[in-house]
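Down below is the structure, laid out as structure tokens.
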Amino acid sequence: METSFIIINIVKEITFSNVLYHISLYFWYRMFCFLKIGNNIPGSNILGFIALLFSNTLAYLVYNNEVIKAFILRYPLNLHMCFLTTLVISTIYTSVCQGQLSDLFPSHIALPGTFAREFVVVDNMGKLPSPSMRKKINALGAQYGCHHCGQFTDSYICDHIPPSCLPTTTLRRLYPQCVKCSSFQGGILSNWGKDVFTSNKGLICYSWKVRWYLVWLPYALLFEYVFQCSTNF
């Protein structure tokens, strides 16, 4: 009976922590949208790490009420280690599961978007993608969605990055793109041209999605258990 009670409480605390975790991430995302800070800004991964750090701290404090008491009692070392363990493992977990810290930022239309994971290299000299390229892009779209907004559709447009209308000395890459983002991209590029890279007009604020790799888990629970076991020997 006692074991069942403990499990129920752990599940309840994890659920509440995850809700708060995503609310915190959404707050950071909306703030970046409001401030016009996109994934084209140098150092966006650092800002993303700060957002992840803050959200992890909040979720961890809610998950373990004893931590709040410990903060008042001059920060015991083991609780420091518990939090650091949670932060490090959650960051590694997000990266391994193809998440990116830049996921918390709006996408810039002239760069690989927030949801860009894989791409197809343009293997012909013309601007029109070959049938094999289109097939690969549709496959990537079915797996990851539009690279700018994450939207899933039946078919995808082959988006050239850098855009075809802009000069470049590098090989262009193709990413899956939805019709809505493609239309927005075309309008911005026709008005701004190469200046789009220094403009915040080309940012796409996508609808926030709860992605499975952005799930908060109490990794510190395992650390606490190991720590307690080690102190008993």
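This table checks each residue for (1) acidic (Asp, Glu); (2) open to solvent by 20 Å² or more (accessible area, probe 1.4 Å); (3) at pLDDT below 90; (4) under 16 Å from the mean Cα position of the chain (by Cα).
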position: 81; (1), (2), (3), (4): no, yes, yes, no
position: 124; (1), (2), (3), (4): no, yes, yes, no
position: 135; (1), (2), (3), (4): no, yes, no, no
position: 153; (1), (2), (3), (4): no, yes, no, no
position: 159; (1), (2), (3), (4): yes, no, no, no
position: 163; (1), (2), (3), (4): no, no, yes, no
position: 179; (1), (2), (3), (4): no, yes, no, no
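Quick one: is residue 36 modelled with pLDDT of 70 or more, at positive phi, open to solvent by 40 Å² or more (accessible area, probe 1.4 Å) and not acidic (Asp, Glu)?
On the way: modelled with pLDDT of 70 or more: yes; at positive phi: yes; open to solvent by 40 Å² or more (accessible area, probe 1.4 Å): yes; not acidic (Asp, Glu): yes.
So residue 36 passes the test.
Considering only the range 86-109, I want to know if a residue exists there that is more than 18 Å from the chain's Cα centre (by Cα) and at pLDDT below 85. Within the range 86-109 (the criterion being more than 18 Å from the chain's Cα centre (by Cα) and at pLDDT below 85), the answer is no, since none of the residues qualifies.
Based on what the data block shows, is residue 194 assigned to a helix (DSSP H, G or I), at pLDDT below 75 and more than 23 Å from residue 104 (Cα to Cα)? Please lay out each step first, then the result.
Values: assigned to a helix (DSSP H, G or I): yes; at pLDDT below 75: yes; more than 23 Å from residue 104 (Cα to Cα): yes.
Yes: the conditions hold for residue 194.
Looking only at the range 9-28, count how many residues are surrounded by 14 or more Cβ atoms within 10 Å (Cβ to Cβ) and over 20 Å from the mean Cα position of the chain (by Cα). Going through the range 9-28 one residue at a time, the tally reaches 2.
The values are calculated or read from the model by the stated rules, or taken from the named source; none is laboratory data. On a predicted model such as this, the values are computed, not experimentally measured, just so you know. When we count neighbours, we look across all protein chains shown, and the Cβ atoms used for this are built from the backbone with ideal geometry, even at glycine. Calculation scope for accessible area: heavy atoms of the full protein, side chains included, ligands and nucleic acids excluded. Shrake-Rupley method; radii C 1.70, N 1.55, O 1.52, S 1.80 Å.
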